[in-house]
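Single-structure report; data block below.
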Amino acid sequence: MRVKRDRKSSRPHGLASALDVWLVDRSARVRPSRADRMLRGLSTSANYNRLWIGAGAAMILLGSPAARRAGARGLVAVGLASGIANGVAKPLFPRRRPPDESVPFVRRLVKPPVSSSFPSGHAASAAAFATGVALEYPAAAVAVVPLAAAVGYSRVHIGVHWPSDVVAGAALGSGIALATHRWWAVREDEPALLGPAERIEPLPRGRGLLMVINPNAGLGSGVGTYDPAQLRDRLPEADFVELDPAIGLDKQLEEGLSRDHIRAIGVFGGDGTVSSVAGYAARHRLPLAVFSGGTLNHFARDAGVADIEATLAAVETGQVAACDAATVRYDDSESRTFVNTASLGGYPDFVRLRERWQEHLGKWPAAGISMVRVLLGAEPLHAVIDGEPMAIWMLFVGNGRYDPPNQIPRSRPELHHGTLDVRYLRADVPFSRTRLIWSTLTGTLDRSPTYVRHEGHRFEVSVTEASVSLATDGEVDYKGRDFVFESQPDTLTLFHRDPRTED
């Protein structure tokens, strides 16, 4: 069936319009088939972004960490693309849709849309979701991209859009999804670079290993199907210690390390447990085997030891690598080791809120919402930082250099150069809250005078008012006024399987 070129609605103007008419005419000539009903149903399922909301929700609720990040980015991109395409572009570029007679009757919608034809909002949302998913989880793009392309074509097939509407919508959606990278960095799944790989005496069947188990650890993504009972089966000759709050970690570890045959420490738990046990491993100069048993397992993922099977293999073969840790001393007390981060001010509250929401929203959306919540209710913290008096909202000290440098920290490219990544948000800059919220949401923290970042090996902070809480690796257990943060280069020896060292 050929397209009727109504003088008011579809007269071709220029090459693009003539090409539109020709392409619609070619599509209309395709013989009727079961695909007509399928494409019409697919197009309808994408109304109001129902298809993408359902797909994104399923990825967030049921998928792996990469799938959850992909679903969250895809949904954010869909929201932005749909809003811009339908709320901004359509009113600015009014265009009549193809006439009803442009496609066979069997393909047409009962109630065709009456809004501007340019650009296609369906194509914009489809491309935004597919591009957002592909950025975070390329493997999922194999399924999502063809589906998005089918949704885009379906709008031409059922006669509600010109092909150029679909192309423009897809370009808009993909561009918006790619732009999210500017203020929402893609997490690099490559582990941090550790020190040179070495070989030590193996621990067959766990012989000589003091294995510390946190029975309250949540089974995170790095654990898979493991639980403490399985570790006991795999390490039958290890000395197991199950943490008992009534006794205390310090007493249990000191008792376990007093045994002459202990040559290494293992830990099954989350970041807080790993951090505590790592301090003992560093002080006693014993290799550390990390078996990720928490919900998030930041250190295990960054250090490349989240795979329990790989860690077990490293224990059996004696493969190790050096890794940095860091310490904080407060009010001239004993130093506390941390392997991820230490923080003051509103940062502990920010972390708690972010980790509560990120499993369902993804890390960046949860971080953005948490940042706004904390800043709106926070009180400035007056302190002297490396000799300079100032007021801050929060302070972050990372063990190792974190990426990205100008956004919310996400991952570490290296863990063996003795570096502290220090970031703080100044409260003594005019309109600091507004500036911080705006720069966080727009990805312009690096240009904001309220955001300060630098790297070093030692860092001092003195609070000029009452004692404040210190958070280390997610644990908020201590208060103080004077803090000294120091990097401890290569102080940890991690059991770490490196295929490059295998025979």
With R₀ set to 45 angstrom, the calculated FRET efficiency between the beta-carbons of LEU376 and ARG285, to the nearest 0.05, is 0.45
Asserting the computed 222 nm helical MRE of the chain (DSSP H runs at least 4 long, -39500 (n - 2.57) per run, divided by residue count, to nearest 500) equals -13000 deg cm²/dmol
When the charge dipole of the stretch 14-183 is computed with +1 at the Cβ of Lys and Arg and -1 at the Cβ of Asp and Glu, the Cα pointing farthest to the positive end, of PRO146, GLY41, PHE129, is that of GLY41
For the chain, longest principal axis from Cα atoms; helix 14-28 axis from its Cα atoms; angle between them, nearest 10 degrees, is 90
In degrees rounded to 10, the 0-90 angle between helix 347-361 Cα long axis and the longest Cα principal axis of the chain is 50
Options (i) 28.9; (ii) 25.7; (iii) 30.8 for mean projected area of the Cα convex hull in nm²; the value derived from the coordinates is listed as (i)
Ranked output for segments 394-407, 267-280 by mean other Cβ atoms within 10 Å, highest leading, reads 267-280, 394-407
Excluding residues fewer than 8 positions from LYS90 in its own chain, the aspartates and glutamates with Cα under 19 Å of it are ASP20, ASP165
Among trypsin sites (Lys or Arg not before Pro) in the stretch 238-282, those in a DSSP loop whose Cβ has at most 15 other Cβ atoms within 10 Å are ARG259, ARG263
per DSSP, antiparallel bridges as share of beta bridges in the chain, % nearest 5, sits at 75
With a Förster distance of 25 angstrom and the Cβ-Cβ distance between ARG26 and TYR48, calculated FRET efficiency to the nearest 0.05 equals 0.25
The ³J(HN,Hα) series, computed from each phi in the stretch 465-475 with the Karplus coefficients 6.51, -1.76 and 1.60 at θ = phi - 60°, rounded to the nearest Hz and given as x for glycine or proline, is 10, 5, 4, 10, 6, 10, 10, 10, 6, x, 9
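For GLU201 and HIS454, what is the calculated FRET efficiency with R₀ set at 35 Å and r taken between the beta-carbons, to the nearest 0.05?
Numbers: r = 41 Å, r/R0 = 1.17.
Taking R0 as 35 Å, the efficiency between GLU201 and HIS454 is 0.30.
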Ranked output for segments 201-211, 316-326 by mean other Cβ atoms within 10 Å, highest leading, reads 316-326, 201-211
If every Lys and Arg gets +1 and every Asp and Glu gets -1 at its Cβ, then about the Cα centre the chain yields a dipole, in debye to the nearest 20, of 4540
Descending packing, highest mean Cβ count within 10 Å first, for 426-438, 125-137, 155-167 is 125-137, 155-167, 426-438
Going residue by residue through the stretch 174-182, the Karplus relation 6.51 cos²θ - 1.76 cosθ + 1.60 with θ = phi - 60° gives ³J(HN,Hα) values, rounded to whole Hz and with x marking Gly or Pro, of 5, x, 5, 4, 5, 5, 4, 4, 5
Applying the gyration tensor rule to the Cα atoms of the stretch 31-182 (axes a ≥ b ≥ c; rounded if a/c under 1.5, else prolate if a/b exceeds b/c, else oblate), the class is oblate
Taking Cα pairs closer than 8 Å and at least 6 residues apart, the relative contact order of the stretch 341-488 in percent is 26
Residue separation between ALA171 and THR464 times 0.36 nm, minus their alpha-carbon distance, gives in nm 100.1 nm
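A short reminder: the numbers here are calculations on the coordinates, not readings from a lab. Because the structure is predicted, anything quoted here is derived from the model rather than measured. Every residue, glycine among them, receives a Cβ derived from its backbone with ideal geometry; neighbour counts consider all protein chains shown.
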